[in-house]
Amino acid sequence: MNVLVILIPVSLILGGLGLAGFFWTLRHDQYEDMEGDAARILLDDDDPPSEPED
Amino acid sequence: MSVAACPGCVATPAARGDAAAPGLDALVVSLPDIHCAACVASVERGLTALPFVTAARVNLGQRRVRVSVTPGAGMPDILAALGELGHAARPLDADLLRAPADARLLRDLLMRLAVAGFAMMNVMILSVAVWSGATEATRDLFHWISAGIALPAVAFSALPFLRSAGLALRVGRVNMDVPISLAIVLACGMSLFETASGGTEAYFDAALSLTFFLLIGRYLEQRVRSSARSAAQQLAALETPWATRLIDGRRQEVRIDALAIGDRVALPVGMRAPVDGIVVSGTGQMDRSLVTGESRPATVAPGDTVTAGEVVMNAPLVIRATSVGNDTTLRQMAAMVEVAEGNRHRYASLADRAARLYAPVVHCLAALAFAGWYLASGDVRLSLNIAIAVLIITCPCALGLAVPAVGTAASSALFRLGLLVKSDTALERLAEADHVVFDKTGTLTVADPGQAVLPELDPAECQVLLALAQVSTHPVSRRLAEAGRRAGVAAAEVTNITETAGEGVSGFWDEVPVTLGRGPEGTVLRIGDRVVPVPLAETLRPGARELVRRLDDAGMGVELVSGDIPVAAHRIARELGIETVLAGVRPADKVARIAALSDNGHRVLMVGDGLNDTAALAAAHVSISPASAVEASRAASDIVLLGDGLDPVGRAVDIARRARRRILENFGIAACYNLVAIPVALSGHASPLLAALAMSSSSIVVILNAMRVAR
């Protein structure tokens, strides 16, 4: 049972990393235009058009 | 995990993107036709290649492009460029589109959802160990770890429910969030007590999964609501906000709201009058179909009045503004409509009606369970546990999750068909409609100059008609001349041709006086004493015939109520196979007709576009208008059709009916599940494992069922 001392914190930290990753994607507007992002993967632009500054 | 620093604030910093870079104007343009990666690439590459564009970014989900331009360049340049690229484009008002509050609310909910999901999964893993037989110290340790994860997570994630329940209780009402909050708070409190006293049953996982599933529902609901709101804003912004003002002979592009009374406004051909005014110079025809429903153009000359919403047909005009902004006839109509809309806001959605029934029943059940068990056993702890089990088991997942899931699936299906749903109860009302009232001009028909058909005249008459028609610039004449040329008719020898504005063209054909002009019932051709009516050819909107047939097959009554003259209305009705026709109807009579139908127990769907339809659109149970309609009509209707064809209307009715069926099915599923689960909970046999299984499975079943709407 002593292994739990390691396993439980490890599982929480791994899950927490996932959560932190999700927060990061939220912060970077990655859910604004999911349909567009799905389509953009098909474009083979070397230098993508810049974001409008608004 | 730490929730001390509110992650919601971290992820949703206040008013992101509100600070515009100085010297750069961001313009937003609606592109209703874009649908794929190639469109995205062509728009973005085409625009950024222009010297005055600094950046362009397409949002495919919202069918919009946001463009930054250098000072000096403006909306007309962008629209022209997009036109050259082959995309239909409509200008939007960037100021109106900015809705940071909505976006922040959605992000906030997503954040709470993520926290609840994370905590739920971790607690669930620990709970599995307990369920599969962990005992004594291990069980207690797992319960304590669960409590450590669950309590802060619930405090953060369930806040929207707790807050809303608190607000409701403070004003003495009970909403759906009250039983939810009660279940969550009691479950957490009781489980903490059980954990502290070394008990066997803890409901931390149930409290978290309840929060998680209901947050999904809340998030979907908010998305439908904010997309309905942004649809409404998008439309407010659709009206071209630019006009050309003349100052000392100089032309100046200004926003419409900057126009003042007395300003001279130039109206080029095809422009919709932005303000009410008096013609100062120019003589020409105005298309009043949007304002009155007449398909016949009206002639205006200096001194005549022009109403906002009329479209200039054949000659540029200059008008002097007599009323602007909110005083224009158009806006006043819109204000009247707001009043008429009041009764529609009182419509209670299916979910509301079910919730009104649900909350008291759940409270009574839980209270009865507690009282009953307390009387029977005298054990407060046992009775409280059973009452909590009842509250958790009766979780309103079907209400809180299934209805928004159906709404989301259905409105995104409609958006793909080119329909903007503006009101969040519109779908349900559309599903209830059993009678359809169509307007004619501009709704079932579109004026298309190239598509006129020659009336049934004998060849000689046709030749005279063409001879007269080809000398005039009147839009009707131009249509007739075009049709004649296409039919290969040769013009007759007509001499001494003169044109009188507003009256028509006349001349002599072999000494016989002939006139093409106004008659009592539309355009007529006079040859000597003979009067031949020339019915105006209107083109049916694409899909109109199919739509009428489809509605007929679906068992809906269809009728045509038009402000136009009887000849024109009956001809279109015959072509479409509509039997009930009311022609020459004034706006107030349209409302009366709808009221009469409603009194007979019909739920009326009104489809119209003109200013004369606005009151009827607002009075109907549910209403649809095409994007070409006047602003007031679009404002009054629940759903706006973005494309040119009418056939999406029929499919929208299908989708709405299917959505309603799914919602009812989901209620049925939830009811069955409760019928089984409530007796188990009441009899004290509900364990945390059973509660978790039942809750997740019912939530997943209703969501899967909701997804079938889009199929």
Global form of region B:21-92, assessed from the alpha-carbon gyration tensor, a/c cut-off 1.5
prolate
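Per residue, how many Å² of accessible area does region B:21-92 show with a 1.4 Å probe? Present the calculation step by step, with values, prior to reporting the outcome.
Details: 2820 Å² over 72 residues.
Result: 39 Å² of accessible area for each residue.
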How much accessible surface area, in Å² rounded to 10, belongs to the heavy atoms of B:PHE142 with a 1.4 Å probe?
10 Å²
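Can you give me the convex hull volume of the Cα atoms of region B:105-223, divided per residue and expressed in Å³?
Values: hull volume 10.9 nm³, N = 119.
Dividing the Cα hull volume of region B:105-223 by its residues yields 91 Å³.
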Which residues of region A:1-37 show a drop of at least 50 Å² in accessible area when all protein chains are present, compared with their chain alone (probe radius 1.4 Å, heavy atoms only, ligands and nucleic acids excluded)?
A:ILE8, A:LEU12, A:LEU19, A:PHE23, A:LEU26, A:ARG27, A:ASP33, A:GLU35
Unit charges at the beta carbon, dipole of region B:21-92: most positive-side option, B:ALA38, B:GLY83, B:THR70:
B:ALA38
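Taking all protein chains together and a probe of 1.4 Å, list B:GLU559, B:GLU493 from the most accessible to the least accessible. Mind showing how you got there, number by number?
Working: B:GLU559 5, B:GLU493 150 Å².
Result, largest first: B:GLU493, B:GLU559.
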Stretch gain in nm, segment B:THR48-B:SER598, where the contour uses 0.36 nm per residue and the Cα spacing is subtracted:
192.6 nm
At a probe radius of 1.4 Å, figure out the A/B buried accessible area, summed over both chains, and give it in Å² to the nearest 100.
3100 Å²
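Express the relative contact order of region B:21-92 as a whole percentage, based on alpha carbon pairs under 8 Å and six or more residues apart in sequence. Mind dumping the intermediate values first?
Details: 115 pairs, mean separation 31.0, N = 72.
Value for region B:21-92: 43 percent.
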Heavy-atom accessible area of B:MET707, protein chains in place, probe 1.4 angstrom, given in Å² to nearest 10, is 110 Å²
Taking B:524-531, B:387-394, B:663-670 and ranking on average Cβ neighbours within 10 Å, highest first, one gets B:387-394, B:663-670, B:524-531
Using packing as a proxy for protection, rank B:675-681, B:591-597 so that the peptide with the highest average count of other Cβ atoms within 10 Å comes first.
B:591-597, B:675-681
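The values are calculated or read from the model by the stated rules, or taken from the named source; none is laboratory data. Bear in mind that the values here come from a model prediction, so they are computed numbers and not experimental data. Glycine also receives a Cβ, built like all others from the backbone with ideal geometry; neighbour counts cover every protein chain displayed. In case anyone asks, the SASA skips ligands and DNA or RNA and just uses the protein heavy atoms, side chains included. Shrake-Rupley method; radii C 1.70, N 1.55, O 1.52, S 1.80 Å.
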